[in-house]
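Below is one structure, written out as structure tokens; the observations come after it.
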RNA sequence: GCCCCUGUCGUCUAGCUUGGUCUAGGACAUCGCCCUUUCAAGGCGGCAACACGGGUUCAAAUCCCGUCGGGGGCGCCA
């Protein structure tokens, strides 16, 4: 059997959109599953919109997602160059061949003329296609006009009657009426190839066996098939993937949330999680679980099982998957991934000592289960630092109006002021003593202690909170962390007799 | 407007090829309970779908037709 060769062919006009990322991912999955070759090709024939910086960004985004390619502009390969702007001479050669054999012709119609023709067709309820006005211009005359410097495009001569059909791997047989397909422009008047022409030449020369792309290309396929025919080239197989939509079932756009792969990275989504989520959008592995590693997905992928209907991008599910992937990380990895977010929120110094890292690991390990993205971590960490007795809510003061609370607070403040190197063990001993001395227990015992230490009514388990605060208080941090004894001393001034 | 694709819980999907095993399974979300000094996390459970209408058949989510809904395309963009 021939070796599978697939490609992802983005135009460098911006960041990598998750919809495109999924197309790239499915190509990659298919290539790896089949032991084939994955090619990256840059389609930059639209010089107006394409830019070098976008190409770089695209490559970075693709790599971040965990994709690698066997041939491409940055890695080379036998069938390059892998950038359309570098292949202009090749396209010209094929254009010449088509022109000489009469399979294509020069079209001198102006954009305005074509626009009018289109409008008229639309008004009379027809499909707006090129009527073929320049087909009848004799070859000699056309050549003369070209030599005289007249602007012209090159169009493919297509049949007016009959059908053309092809087998789509995800959709089955698709048939199109040829009278609804106008002669497509192969070469623009600028001399640069149009998309439909360049893809055919490139896919053919790069020996692509399977074209896996978005559904928006379905209607281009018959035109491309006709081009293969005119060139006597054999076409690849096609698979058209459904679109990725936003919550309201319209095309996924910025107002739905993050859509650029780099944005997900900034938001603290792990690339393994985005990879996992995207792979499951429109495809399901035989075993119905949700959390998968890249490698497993590559083993199980099956293009024929890909869904035909469009799917909505669900941020909730992505976040849940992200949480599961975070759980599988080591403490060290979690700390490293958390650092940039906490550094940006000014909770951590630029230079981290070993002690800082140890503290960070403890903090992240304790707080990470409360969030599903690293970008949410600063809000949680802020709860460690924020201690505002003066802004304590009335309902919390109310809760202290019990028989136990004043006695507990008094005893605790005395004990903590006499102890050195406070830690959770000492806290546990103190609470046992207080329990005996006051007879208070359970919520009645712990709630006042929590309030005294946090000025809040709820939060982290105290066995986690105390070590985080105590260890943090020993470190030099951009914003100092108050120790438990400091907190107790401070809050006492705000608890008036009436509170107690 | 015309052409093409598509339609299972709110969402992602399993099942559809080869009708019966489907009182339609799983996951996310949501709701409730449990755990717990609080909040999370976690555990357990509930709610929730075959778009609609006709056929075919002993039997249809599964096959056929129509309707309606959604999406895409109709560029000297890709």
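Just need a number here: residues in the range A:226-241 that are under 19 Å from residue A:8 (Cα atoms) and either within 27 Å of the chain's Cα centre (by Cα) or crowded, with 17+ Cβ neighbours inside 10 Å (or both).
6
Can you confirm whether residue A:91 is over 30 Å from residue A:247 (Cα atoms) and either touching a strand residue (DSSP E or B) at 6+ places or on another chain (Cβ under 6 Å) or within 16 Å of RNA strand B (Cβ to nearest atom) (or both)?
yes
Quick test for you: out of A:125, A:132, pick the one residue that is more than 12 Å from RNA strand B (Cβ to nearest atom) and in the same structural domain as residue A:195 (by TED's automatic domain parsing).
Selected residue: A:132, the only one of A:125, A:132 that is more than 12 Å from RNA strand B (Cβ to nearest atom) and in the same structural domain as residue A:195 (by TED's automatic domain parsing).
Please find, among A:271, A:253, the residue that is in contact with a helix residue (DSSP H, G or I) (Cβ under 6 Å, 6 or more places away or on another chain) and not assigned by TED's automatic domain parsing to the domain that holds residue A:72.
Every option except A:271 fails the conditions.
With the requirement that a residue be more than 9 Å from RNA strand B (Cβ to nearest atom), in contact (Cβ under 8 Å) with a residue 40 or more places away in the chain and touching a helix residue (DSSP H, G or I) at 6+ places or on another chain (Cβ under 8 Å), what does the range A:161-177 give you?
Answer for the range A:161-177, where residues must be more than 9 Å from RNA strand B (Cβ to nearest atom), in contact (Cβ under 8 Å) with a residue 40 or more places away in the chain and touching a helix residue (DSSP H, G or I) at 6+ places or on another chain (Cβ under 8 Å): A:164, A:166, A:169.
What are the residue pairs meeting all of these: first residue in the range A:40-54, first residue without any contact (Cβ under 8 Å) to a residue 12 or more places away in the chain and over 13 Å from residue A:73 (Cα atoms), second residue within 8 Å of RNA strand B (Cβ to nearest atom) and assigned to a helix (DSSP H, G or I), Cβ atoms under 9 Å, and 6 or more apart or on different chains?
So the pair list comes out empty.
Looking only at the range A:185-197, which residues are in contact with a helix residue (DSSP H, G or I) (Cβ under 6 Å, 6 or more places away or on another chain) and more than 7 Å from RNA strand B (Cβ to nearest atom)?
A:186, A:187, A:193
I'd like the full set of residues that are within 21 Å of residue A:188 (Cα to Cα), part of a helix (DSSP H, G or I) and near RNA strand B (Cβ under 6 Å from one of its atoms), limited to the range A:109-122.
Of everything in the range A:109-122, those that are within 21 Å of residue A:188 (Cα to Cα), part of a helix (DSSP H, G or I) and near RNA strand B (Cβ under 6 Å from one of its atoms) turn out to be A:111, A:114, A:118.
Going through the range A:292-330 one residue at a time, which ones are more than 9 Å from RNA strand B (Cβ to nearest atom), surrounded by fewer than 16 Cβ atoms within 10 Å (Cβ to Cβ) and either within 26 Å of residue A:364 (Cβ to Cβ) or without any contact (Cβ under 8 Å) to a residue 60 or more places away in the chain (or both)?
Within the range A:292-330, A:293, A:295, A:296, A:328, A:330 meet the criteria.
Matching residues to (1) within 11 Å of RNA strand B (Cβ to nearest atom); (2) part of a helix (DSSP H, G or I):
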site	(1), (2)
A:12	yes, no
A:22	yes, yes
A:47	yes, no
A:55	no, yes
A:58	no, yes
A:62	no, yes
A:78	no, no
A:96	no, yes
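Go through (1) touching a strand residue (DSSP E or B) at 6+ places or on another chain (Cβ under 7 Å); (2) within 8 Å of RNA strand B (Cβ to nearest atom); (3) part of a loop (DSSP other than H, G, I, E, B) for residue A:182 and report which single condition fails.
Against the list (1) touching a strand residue (DSSP E or B) at 6+ places or on another chain (Cβ under 7 Å); (2) within 8 Å of RNA strand B (Cβ to nearest atom); (3) part of a loop (DSSP other than H, G, I, E, B), residue A:182 comes up short only on (1).
Being more than 10 Å from RNA strand B (Cβ to nearest atom), over 23 Å from residue A:359 (Cβ atoms), not in a helix (DSSP H, G or I) and not assigned by TED's automatic domain parsing to the domain that holds residue A:349 narrows it down to one of A:401, A:410, A:435, A:415, so name that one.
On inspection, the qualifying residue turns out to be A:401.
Kindly establish whether residue A:469 is within 23 Å of residue A:348 (Cα to Cα), within 15 Å of RNA strand B (Cβ to nearest atom) and assigned to a helix (DSSP H, G or I).
It is true that residue A:469 is within 23 Å of residue A:348 (Cα to Cα), within 15 Å of RNA strand B (Cβ to nearest atom) and assigned to a helix (DSSP H, G or I).
For residue A:19, are the conditions met, namely being touching a residue at least 40 places away in the same chain (Cβ under 8 Å) and surrounded by fewer than 17 Cβ atoms within 10 Å (Cβ to Cβ)?
No; evaluated as a whole, the condition is false for this residue.
The values are calculated or read from the model by the stated rules, or taken from the named source; none is laboratory data. As the structure is a prediction and not an experimental result, all values here were calculated from the model. Note that we place each Cβ from the backbone using ideal geometry, even for glycine, and neighbour counts take in every protein chain shown.
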